[in-house]
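Asks: Have a look at this one before I ask anything.
What follows draws every value from the coordinates through simple rules; no lab data is involved. Note that the structure is predicted; figures quoted are calculated from it, not measured. Counting neighbours? That spans all protein chains shown, and the Cβs are built from the backbone with ideal geometry, glycine included.
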Ligand SMILES: Nc1ncnc2c1ncn2[C@@H]1O[C@H](COP(=O)(O)OP(=O)(O)OP(=O)(O)O)[C@@H](O)[C@H]1O
Ligand SMILES: [Mg+2]
């Protein structure tokens, strides 16, 4: 896969900083998600130099529901990056879900501009993800907090896209109900590598539902490979469940949750 090396560098850049020579050399991507906000800084050569992320619930269904809360987080993450890099961040690319209307895309822009960043580009999320993956023909499936989104690529161009409301939140709700634990406990449980087998056993029907969404949308579209991205795809073995359910080979890159954030930053260049 094309962006493997960059994804590893992006993961490393959450904790380690690569020095930059000047503010002019830094390109920023701001990913405003339902579950998390991620700022990724690259140098001129598109190498990740520093990233910051925070879990948040200030966005819903791709829309900003808490303008000031979102702004406070973006400002805080920007400041942390500036301190780490010793440089001022002045411009950023942002992304919106496919089909977002201009008014809603405008809100994303205003939030980021209110943090003293020039928005140089607004890309759509699957296009950003494919900057990293470089899929020519196949489907890119993004499973985040709220939804399962999918985009079919032919010859490197997005030709079909869909988004349906089943995501990581639903997985947590199933764990919560089944085990009589809080949502926060369910989120922690889901992320605990030692609990993967048990968690996957319990949430298999939710993942099968996500796979059935994808299967339905790609039927008759000649898709012969599936790429999984987004935070929910950190679940070990999710790609095997998808392959079995759909009958088309599914794979995921290292750090699937960083694909879209990295791609947004790459679009800034
Ligand atoms: N290690 C993990 N194992 C399983 N799920 C995880 C893990 N880490 C994060 N998640 C889940 O991933 C989801 C968030 O994914 P991501 O950061 O891609 O979403 P987002 O971009 O903020 O949301 P959306 O794309 O829906 O707007 C959450 O439901 C979170 O619980
Ligand atoms: Mg997302």
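Asks: Ratio of alpha-carbon Rg to the 2.2 N^0.38 Å globular estimate for the chain, to two decimals, please.
Replies: Working it through for the chain, the quotient is 0.97.
Asks: In deg cm²/dmol, rounded to 500, what helix-only [θ] at 222 nm does the chain give when every DSSP H run of at least 4 residues adds -39500 (n - 2.57) and the total is split over its residues?
Replies: The per-residue figure over the chain is -13000 deg cm²/dmol.
Asks: Principal axis lengths of the range 134-253 from Cα atoms, whole Å, largest first?
Replies: Principal-axis extents of the Cα atoms in the range 134-253, largest first: 46, 22, 22 Å.
Asks: Now a separate question. If each of residue 90 and residue 104 carries a label point 7 Å out from its Cα toward its Cβ, how far apart are those two points in nm?
Replies: Between residue 90 and residue 104, the simple spin-label model gives 3.3 nm.
Asks: For helix 67-85, report the angle its Cα long axis makes with the longest principal axis of the Cα atoms of the chain; keep it between 0 and 90° and round to the nearest 10°.
Replies: The angle comes out at about 60 degrees.
Asks: For the Cα atoms of the chain, what angle does the longest principal axis make with the long axis of helix 102-113, in degrees from 0 to 90, nearest 10?
Replies: 50 degrees
Asks: Please give the length that would be gained between residue 63 and residue 44 if that part of the chain were fully extended, namely 0.36 nm times their separation in residues minus their C-alpha to C-alpha distance (nm, one decimal).
Replies: The span from residue 63 to residue 44 would gain 3.8 nm if fully extended.
Asks: Efficiency by 1/(1 + (r/R0)^6): what FRET value for residue 79 and residue 269, r their Cβ-Cβ distance, R0 = 22 Å, to the nearest 0.05?
Replies: 0.45
Asks: Any chance you could run the full-extension gain for residue 155 through residue 113? It's 0.36 nm times the residue separation minus the Cα-Cα distance, nm to one decimal.
Replies: That works out to 11.7 nm of additional length.
Asks: So what is the relative contact order for the chain, in percent, with contacts set as C-alpha pairs under 8 Å and at least six apart?
Replies: Over the chain, the number comes to 22 percent.
Asks: Does anyone have the angle between helix 168-179 and the longest principal axis of the chain? Alpha-carbon axes, 0 to 90°, nearest 10?
Replies: Roughly 50 degrees between the two axes.
Asks: Relative contact order of the range 44-151: what whole-number percent is it, with Cα pairs under 8 angstrom and at least 6 residues apart?
Replies: Rounded, it is 23 percent for the range 44-151.
Asks: Packing-wise, with mean Cβ within 10 Å as the measure, how do 76-86, 251-261, 174-184, 140-150 rank, highest first?
Replies: 140-150, 251-261, 76-86, 174-184
Asks: Run the numbers for residue 191 and residue 254: contour at 0.36 nm per residue of separation, minus the present Cα-Cα distance, in nm.
Replies: Stretched fully, the residue 191-residue 254 segment lengthens by 21.1 nm.
Asks: Using alpha-carbon pairs under 8 Å, 6+ residues apart, how would you state the relative contact order of the range 134-253 in percent?
Replies: The normalised contact order for the range 134-253 reaches 28 percent.
Asks: Evaluate the distance, in nm, between pseudo-label points positioned 7 Å from the Cα of residue 54 and of residue 212 along their respective Cα→Cβ axes.
Replies: The answer from the label model is 3.9 nm.
Asks: Would you mind getting me the FRET efficiency between residue 120 and residue 221? Use the beta-carbon distance for r and R0 = 35 Å, nearest 0.05.
Replies: Once rounded, the FRET efficiency stands at 0.60.
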